[in-house]
1. Starting from segment B:72-100, keep only residues that are closer than 23 Å to B:H278 by Cα and facing chain A (nearest Cβ under 7 Å), then list their pairs with residues that are surrounded by fewer than 22 Cβ atoms within 10 Å (Cβ to Cβ) and of a type in the set (F, W, Y) whose Cβ atoms are within a distance under 8 Å, requiring at least 6 positions of separation or different chains.
2. Looking only at residues that are among the hydrophobic types (A, V, I, L, M, F, W, C) and assigned to a loop (DSSP other than H, G, I, E, B) in segment A:140-155, which one is surrounded by the most Cβ atoms within 10 Å (Cβ to Cβ)?
3. If I go through segment A:1-23 residue by residue, how many of them are among the aliphatic types (A, V, I, L, M), within 10 Å of DNA strand D (Cβ to nearest atom) and either part of a loop (DSSP other than H, G, I, E, B) or closer than 24 Å to A:V117 by Cα (or both)?
4. Of all residues in segment A:24-56, which are at the interface with chain B (Cβ under 9 Å from one of its Cβ atoms) and within 8 Å of DNA strand D (Cβ to nearest atom)?
5. In contact with a helix residue (DSSP H, G or I) (Cβ under 8 Å, 6 or more places away or on another chain), surrounded by fewer than 22 Cβ atoms within 10 Å (Cβ to Cβ) and modelled with pLDDT under 85, is that true of A:V102?
6. Checking the conditions here, which among B:P241, B:P237 is surrounded by fewer than 21 Cβ atoms within 10 Å (Cβ to Cβ), part of a loop (DSSP other than H, G, I, E, B) and out of contact with any Phe, Trp or Tyr (no Cβ under 7 Å at 6 or more places or on another chain)?
7. Quick one: B:K115 ticks every box in (1) surrounded by fewer than 22 Cβ atoms within 10 Å (Cβ to Cβ); (2) touching a residue at least 60 places away in the same chain (Cβ under 8 Å); (3) at the interface with chain A (Cβ under 10 Å from one of its Cβ atoms) except a single one, so which number is it?
There are 2 protein chains.
Amino acid sequence: MSAIADVARLAGVSKSTASRALSGNGYVSRETRARVEHAAAGIGYVPSSIASSLATGLTRNVGVVIPFVNRWFFSEVLEGIESALIPAGYDLTLYRLHADAVGRQRVFDYFLARKRVDAVIAVGISLSPHEVRSLNALGKPIVGIGGDIPEISTLSIDDAAASRFLTEHLVSLGHTRIMHLGGDQHEQMDFAVHAQRLAGVRQALATAGLSHRDDFRAVPYSIPGGYAGGLAVLSDPSTRPTAIVAGCDEIAIGVILAARQLGIAVPEQLSIVGIDGHTLAEMFGLTTLEQHPSIQGERAVKLILERLEPRAGAIANERIGIPVDFVVRRSTTAPPGADRFARS
Amino acid sequence: MSAIADVARLAGVSKSTASRALSGNGYVSRETRARVEHAAAGIGYVPSSIASSLATGLTRNVGVVIPFVNRWFFSEVLEGIESALIPAGYDLTLYRLHADAVGRQRVFDYFLARKRVDAVIAVGISLSPHEVRSLNALGKPIVGIGGDIPEISTLSIDDAAASRFLTEHLVSLGHTRIMHLGGDQHEQMDFAVHAQRLAGVRQALATAGLSHRDDFRAVPYSIPGGYAGGLAVLSDPSTRPTAIVAGCDEIAIGVILAARQLGIAVPEQLSIVGIDGHTLAEMFGLTTLEQHPSIQGERAVKLILERLEPRAGAIANERIGIPVDFVVRRSTTAPPGADRFARS
DNA sequence: TCGCAATGCGGAACCGGTTCCATAGGACAA
DNA sequence: TTGTCCTATGGAACCGGTTCCGCATTGCGA
């Protein structure tokens, strides 16, 4: 016997009236509602969300597809999504999706399509046209974070513009030997983040007439990655750059540690900029471009919720830029030997 | 019309036969099964997990209650849980649960109790007896990670033993001025992790006859926390300890950075040990006790899955210890001035 | 050859809610 | 006074699967 039927019987009303009283939909007299609520409280009634989902077609659950949970950017995004979703009364179901195709197919067909979720937020993962179509066919809103996905709305910073801006900043300080330590072009996630950031650096260098070979070194996207790469790049004083644009703050911090290790003063002998706004950036005095991933998560949720509104019509699928904050700390200055006030 | 009914009609069988054919339960002839499968593939049939859950009472979904997703220990545990749960065919629904009582009550009543999950894994959160009882009443297995919860099985390292062991290690190296930089005793999570770790240090000091006031300083559980605490503790050479037991690796790394900042050589002038096995420990040459949080997550899942087996009987609710690995790196040695081989 | 078990399948109940439809009383305008 | 609308409620269908029960075959041992 369904639990709500127990409540109904106890309150002396029909199942339908009990449902209306508890859900607040439809006409129920004040007094009847009170009786039903009292009966429900009396037997500790807890509605079954499963049954409710089956009847209404709404799960009040959002699927989050994400490649990592233990990396800074992704865990920050996740925490932003979570903190926006729960107050709205939604559950969050987590699907870790790697690049590998089989697990991917599996997660996709086996989990996402099974009507378990009302909407999907894809973080740092590009969906194939087929995947997008099949979700669209189910009428489920999708929002992407971290890159462009055709036919759906995506939130991201402009990676090329970001690294271009940072490079220009270094150029404006007077640097002429600028190098990029960024992610491996082949190992990047589905989105071309690494390529974009490299391209931005190169654009700025070209514009300034400072292009040179040896302007890039691929390193793992982590503090140890930046450290090892930093040691390799900085150890030869004759080829050492005077400024480094790191692909992310973690790499930048690794480079700072490598510089310290080698006795290279930052920023006097080496300027370093990062991208991210990592938790540790302040402690290391890192000049960086903050991209506030948790806010990206919150905004994605807002977008999703708008689309979930019953009255939501067709919505333009746009690429939405995320504002960034340039935070100048103590890791950048004019290059050694330059007139410090040359272009300030 | 239910989707499976379409499949059935297309295959020329009844709904029940179609269900049996697709789920593999009950008797279906080889040939009928093939017809049904073909029909299902033809119309792209995807079963509704909601309907299935309602009928069977099983959601194939596990709720994970966790206070943070963007801190190292927790994100590692989460990733361990995820990677064990998905291959077993379960979804993972994430509930972030803070210490604050209202949000807590809300998450608990509103989400967990609603029959959305088959089981619960609580990470770093102690549940009140009332909460445990209400989950038990629903017949849902619960496993805790990170501390002791009465009446349910919990997985954790022995925090007191861990810090006692590390302190004994420093004592055996000849250190006599040993200090603990750990978490604030008031701000700790529900589990008394901070208190346990402090207690372990004090036990070892007492046993060695090295007790002293000023044996502890509370710092935030983070690299910046350890850094700031390290600067404060190390800046006065006259009171400076020769060895520090950090409450976690992040604090230890912060202390290492503070020591570098102050020109104190590690390990020659200062030995430092941590607890965790943090990703960055190796890079900083940190001697630490690894606790493998992702393995804790995997083991919790294994426990949960055992309890979810239909034939699972009453299971002892035990406190399960997690093995730790002591990894000696370059942050510990004998104290300055001591005969290095005194007690090796 | 008979009886019983194993197999194959359809009908219908069921999981626990939501909602459509019908009914009925009361208020209010015509 | 009659018709219409709003309120309040019950009955029943429905969401989309699963499973119990019953019936019909078939196979095999006695």
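The values are calculated or read from the model by the stated rules, or taken from the named source; none is laboratory data. Just so we're clear, the structure is a prediction, and the values are computed from it rather than from any experiment. Glycine also receives a Cβ, built like all others from the backbone with ideal geometry; neighbour counts cover every protein chain displayed.
1. B:S75/B:F68; B:E79/A:F68; B:R96/B:F68
2. First, pick out the residues of segment A:140-155 that are among the hydrophobic types (A, V, I, L, M, F, W, C): A:142-143, A:145, A:149, A:152, A:155.
Retained after the next criterion (residues that are assigned to a loop (DSSP other than H, G, I, E, B)): A:149, A:152.
Numbers: A:I149: 25, A:I152: 20.
Selected residue: A:I149.
3. Total satisfying the criteria: 1.
4. Pass one, segment A:24-56, residues at the interface with chain B (Cβ under 9 Å from one of its Cβ atoms): A:44, A:46-54.
Residues satisfying the conditions are A:A51, A:L54.
5. Working: in contact with a helix residue (DSSP H, G or I) (Cβ under 8 Å, 6 or more places away or on another chain): no; surrounded by fewer than 22 Cβ atoms within 10 Å (Cβ to Cβ): yes; modelled with pLDDT under 85: yes.
Against the criterion (in contact with a helix residue (DSSP H, G or I) (Cβ under 8 Å, 6 or more places away or on another chain), surrounded by fewer than 22 Cβ atoms within 10 Å (Cβ to Cβ) and modelled with pLDDT under 85), A:V102 does not qualify.
6. On the way: B:P241 fails: surrounded by fewer than 21 Cβ atoms within 10 Å (Cβ to Cβ).
After applying the criteria, what remains is B:P237.
7. (2)
Conditions (1) at negative phi; (2) under 27 Å from the mean Cα position of the chain (by Cα); (3) within 13 Å of chain B (Cβ to nearest Cβ), marked per residue:
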{"site": "A:S235", "(1), (2), (3)": "yes, no, no"}
{"site": "A:A259", "(1), (2), (3)": "yes, no, yes"}
{"site": "A:T287", "(1), (2), (3)": "yes, yes, no"}
{"site": "A:R299", "(1), (2), (3)": "yes, yes, no"}
